[in-house]
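For reference, the structure is listed below as structure tokens.
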Amino acid sequence: MADYMKEFHPTPRLLMGPGPSNVHPRVLQAMASPVVGHLDPQFVQVMIDVREMLRPVFGTRDGLTLALSGTGHAGMEASFCNLLEHGEKVLIAVNGFFGQRMTDIAARVGGEVHLVESTWGKPLDVNAIEVELKRLGRVKVVAMIHAETSTGVLNPVPEVARLAHEHGALLILDTVTSLGGMKVAMDEWDVDIAYSASQKCLGSPPGLSPISLEPRALEAMKARKTRVQSYYLDLVTLADYWSKTPRYHHTAPVSMFYAFRESLRMLHEEGLEVRFKRHTRNAAALWAGIEAMGLKLMVEPKWRLPQLTTVLIPEGVDDVKVRSTLLNEYNLEISGGFGPLAGKIWRVGLMGEGCYPSSVFYFLSSLEQVLTRMGYELPIGEGVAAAARALADYASSAR
Ligand SMILES: *Cc1c(COP(=O)(O)O)cnc(C)c1O
């Protein structure tokens with residue numbers, strides 16, 4: 001039998017990169033349920049359940065909330081192509097790879113793209129955004145990343161939202177890495193449109209892109225002079241499919257919705273607050289362990305993301321060799337840096353179903369072994385011990 005005809009049985013990995021993250025067996029099992037039609041009342045109920053369970057995660061009471069067929073990029077494309085028309089000004093705040101990707105997409109949509117750049121690894125500069133908004137005059141859209149996965153930086157949302165609205169602009173917020181791992185509060189922060197992806201902190205496989213719109217964004221879409229150039233991502237026509245009497249728009253990826261529904265059920269069984277604490281607590285242990293090994297973290301504590309940690313690769317250590325050894329011999333996936341950070345950092349995720357103390361301990365001890373084998377000297381056992389102490393400290397301080 002030709003190799004390509006053989007059965008495929010991938011070795012399970014512990015996924016501690018920037019996504020996808022591990023998926024619970026309950027979610028995988030849900031995907032094995034019978035496929036029904038995408039207009040079957042049973043499936044329509046699944047869509048309604050998904051919407052109801054997503055709203056509190058986005059922090060919206062009655063936004064137009066749905067899930068696009070596609071990954072996080074679908075949400076990004078949909079946000080820009082629905083809100084922007086040809087020649088309209090858009091201001092994008094960039095401090096990493098995903099902010100930069102927004103500028104590419106906004107330009108393809110035909111927007112007049114302006115950007116305010118901050119150093120990769122530092123948070124967005126709110127003052128610089130204000131100065132640029134004053135200079136530009138009428139701006140249709142301001143866009144930013146909440147949790148910049150390329151650097152591990154958390155960006156300030158409420159301040160940018162306030163500025164955008166003071167200048168009559170709408171705010172697009174990327175919550176791909178934040179949603180399900182930390183607080184997202186569209187109503188409270190006054191965000192007009194936010195999107196995410198199923199495979200980071202939400203605990204599903206890749207394939208769906210949740211998105212939510214507030215009334216101002218909907219009004220802007222209805223006031224467009226030109227049609228949205230993408231049929232597939234046109235949110236006004238998609239809203240008809242997500243209505244009580246669904247009309248065919250495209251065939252929803254039925255099994256993905258089963259998975260997503262189950263992962264959202266698990267999220268609410270755990271509770272949002274408990275889940276966020278789980279992320280901050282395990283991240284605190286990871287950071288303590290990394291520092292006790294003598295390694296350095298890139299981002300200062302105030303702006304550090306619990307779900308994605310960036311570690312500076314020590315001088316003389318072979319980035320690719322460390323990562324491939326971890327993958328091939330330890331079945332542990334972490335990721336390297338993008339662009340200016342390639343070869344300089346490791347990105348270590350603790351997202352959703354992968355965010356447990358066992359992941360922290362396994363990562364710290366595996367990395368210690370790999371670095372030691374490669375001749376890099378570090379204090380043996382210190383990382384794991386520090387992580388254990390941090391977990392204990394966190395438990396006692398939480399009481
Ligand atoms: C992963 C990611 C994306 C892109 O999502 P895909 O699912 O890979 O299309 C966008 N923004 C951020 C912040 C991300 O981390």
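Being more than 16 Å from the ligand (Cβ to nearest atom), assigned to a loop (DSSP other than H, G, I, E, B) and at pLDDT 95 or above is the filter here, so list the residues in region 62-86 that pass it.
Filtering region 62-86 down to residues more than 16 Å from the ligand (Cβ to nearest atom) leaves 62-66, 82-86.
Keeping just the survivors that are assigned to a loop (DSSP other than H, G, I, E, B) gives 62-63, 84-86.
84, 85, 86 - these are the residues of region 62-86 that are more than 16 Å from the ligand (Cβ to nearest atom), assigned to a loop (DSSP other than H, G, I, E, B) and at pLDDT 95 or above.
Has region 11-25 got any residue that is surrounded by 12 or more Cβ atoms within 10 Å (Cβ to Cβ), at pLDDT below 95 and either within 17 Å of residue 256 (Cβ to Cβ) or not assigned by TED's automatic domain parsing to the domain that holds residue 307 (or both)?
Step one: list which residues in region 11-25 are surrounded by 12 or more Cβ atoms within 10 Å (Cβ to Cβ), which gives 13-24.
Remaining after also requiring at pLDDT below 95: none.
No: zero hits.
Just checking, does region 239-253 include any residue being out of contact with any Asp or Glu (no Cβ under 9 Å at 6 or more places or on another chain), touching a residue at least 60 places away in the same chain (Cβ under 8 Å) and either within 11 Å of the ligand (Cβ to nearest atom) or under 17 Å from residue 92 (Cβ atoms) (or both)? Show your work before the answer.
Within region 239-253, the first condition is being out of contact with any Asp or Glu (no Cβ under 9 Å at 6 or more places or on another chain), and the residues that meet it are 239-245, 248, 250-253.
The next check asks that each one be touching a residue at least 60 places away in the same chain (Cβ under 8 Å); those that pass are 239, 242, 248, 250-253.
Checking the rest, the ones that are also either within 11 Å of the ligand (Cβ to nearest atom) or under 17 Å from residue 92 (Cβ atoms) (or both) come to none.
No, region 239-253 contains no residue that is out of contact with any Asp or Glu (no Cβ under 9 Å at 6 or more places or on another chain), touching a residue at least 60 places away in the same chain (Cβ under 8 Å) and either within 11 Å of the ligand (Cβ to nearest atom) or under 17 Å from residue 92 (Cβ atoms) (or both).
If we scan region 200-207, do we find a residue that is more than 10 Å from the ligand (Cβ to nearest atom), in a loop (DSSP other than H, G, I, E, B) and farther than 16 Å from residue 355 by Cβ? Looking for residues that are more than 10 Å from the ligand (Cβ to nearest atom), in a loop (DSSP other than H, G, I, E, B) and farther than 16 Å from residue 355 by Cβ, one finds at least one in region 200-207, hence yes.
Contact map, region 167-190: first residue within 20 Å of residue 139 (Cβ to Cβ) and in contact (Cβ under 8 Å) with a residue 24 or more places away in the chain, second residue basic (Lys, Arg) and more than 10 Å from the ligand (Cβ to nearest atom), Cβ cut-off under 7 Å, separation 6 or more or different chains; pairs are 168/138; 169/140; 170/140; 170/216. Answer yes or no as to whether residue 357 is modelled with pLDDT of 95 or more, surrounded by fewer than 21 Cβ atoms within 10 Å (Cβ to Cβ) and not assigned by TED's automatic domain parsing to the domain that holds residue 199. Yes; evaluated as a whole, the condition is true for this residue.
Let's see how each residue does on (1) surrounded by fewer than 17 Cβ atoms within 10 Å (Cβ to Cβ); (2) under 29 Å from residue 156 (Cβ atoms):
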{"site": "185", "(1), (2)": "yes, yes"}
{"site": "218", "(1), (2)": "no, yes"}
{"site": "235", "(1), (2)": "no, yes"}
{"site": "243", "(1), (2)": "yes, no"}
{"site": "248", "(1), (2)": "yes, no"}
{"site": "275", "(1), (2)": "no, yes"}
{"site": "281", "(1), (2)": "no, yes"}
{"site": "293", "(1), (2)": "no, no"}
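Scanning region 371-399 for residues that are in contact (Cβ under 8 Å) with a residue 60 or more places away in the chain, closer than 14 Å to residue 288 by Cβ and not in a helix (DSSP H, G or I) gives a single hit, 379.
Among the residues of region 102-144, those that are of a type outside the set (D, E, K, R), under 20 Å from the mean Cα position of the chain (by Cα) and in a helix (DSSP H, G or I) comprise 102, 103, 105, 106. Selection over region 319-352 of residues that are crowded, with 22+ Cβ neighbours inside 10 Å and charged (D, E, K, R) gives a count of 1.
Here is a yes/no grid of residues against (1) more than 23 Å from residue 178 (Cα to Cα); (2) of a type outside the set (A, V, I, L, M):
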{"position": "3", "(1), (2)": "yes, yes"}
{"position": "9", "(1), (2)": "yes, yes"}
{"position": "42", "(1), (2)": "yes, yes"}
{"position": "49", "(1), (2)": "no, yes"}
{"position": "69", "(1), (2)": "no, yes"}
{"position": "78", "(1), (2)": "no, no"}
{"position": "83", "(1), (2)": "no, no"}
{"position": "93", "(1), (2)": "no, no"}
{"position": "109", "(1), (2)": "yes, no"}
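Could you look through region 110-141, keep only residues that are within 16 Å of the ligand (Cβ to nearest atom) and touching a residue at least 60 places away in the same chain (Cβ under 8 Å), and pick out the one that is surrounded by the most Cβ atoms within 10 Å (Cβ to Cβ)? Once the filter is applied, the top-ranked residue is 120. For residue 316, are the conditions met, namely being in contact (Cβ under 8 Å) with a residue 40 or more places away in the chain, on the phi > 0 side of the Ramachandran plot and surrounded by fewer than 22 Cβ atoms within 10 Å (Cβ to Cβ)? Answer is yes for this residue. Contact annotation: residue pairs with Cβ atoms under 7 Å, 6 or more positions apart or on different chains, pairing a residue in region 197-217 that is on the phi > 0 side of the Ramachandran plot and in contact (Cβ under 8 Å) with a residue 60 or more places away in the chain with a partner that is among the hydroxyl-bearing types (Ser, Thr, Tyr) and not in a loop (DSSP other than H, G, I, E, B), are 203/263.
Scanning region 38-61 for residues being outside any helix (DSSP H, G or I) and either touching a residue at least 12 places away in the same chain (Cβ under 8 Å) or not assigned by TED's automatic domain parsing to the domain that holds residue 191 (or both) gives a total of 5. Counting the residues of region 145-174 that are in a helix (DSSP H, G or I) and either away from the ligand (no atom under 16 Å from the Cβ) or farther than 30 Å from residue 283 by Cα (or both) gives 8.
Suppose we filter 27, 23, 50, 44 for residues that are β-branched (Val, Ile, Thr) and over 26 Å from the mean Cα position of the chain (by Cα); which single one remains?
Details: 27 fails: over 26 Å from the mean Cα position of the chain (by Cα); 23 fails: over 26 Å from the mean Cα position of the chain (by Cα); 50 fails: over 26 Å from the mean Cα position of the chain (by Cα).
That would be 44, the only listed residue that is β-branched (Val, Ile, Thr) and over 26 Å from the mean Cα position of the chain (by Cα).
If you go through region 360-397 and keep only what is buried (at least 20 other Cβ atoms within 10 Å of the Cβ) and aromatic (Phe, Trp, Tyr), you end up with just 363.
The values are calculated or read from the model by the stated rules, or taken from the named source; none is laboratory data. Because the structure is predicted, anything quoted here is derived from the model rather than measured. FYI the Cβ positions are ideal-geometry reconstructions off the backbone, even for glycines, and counts take in every protein chain you see.
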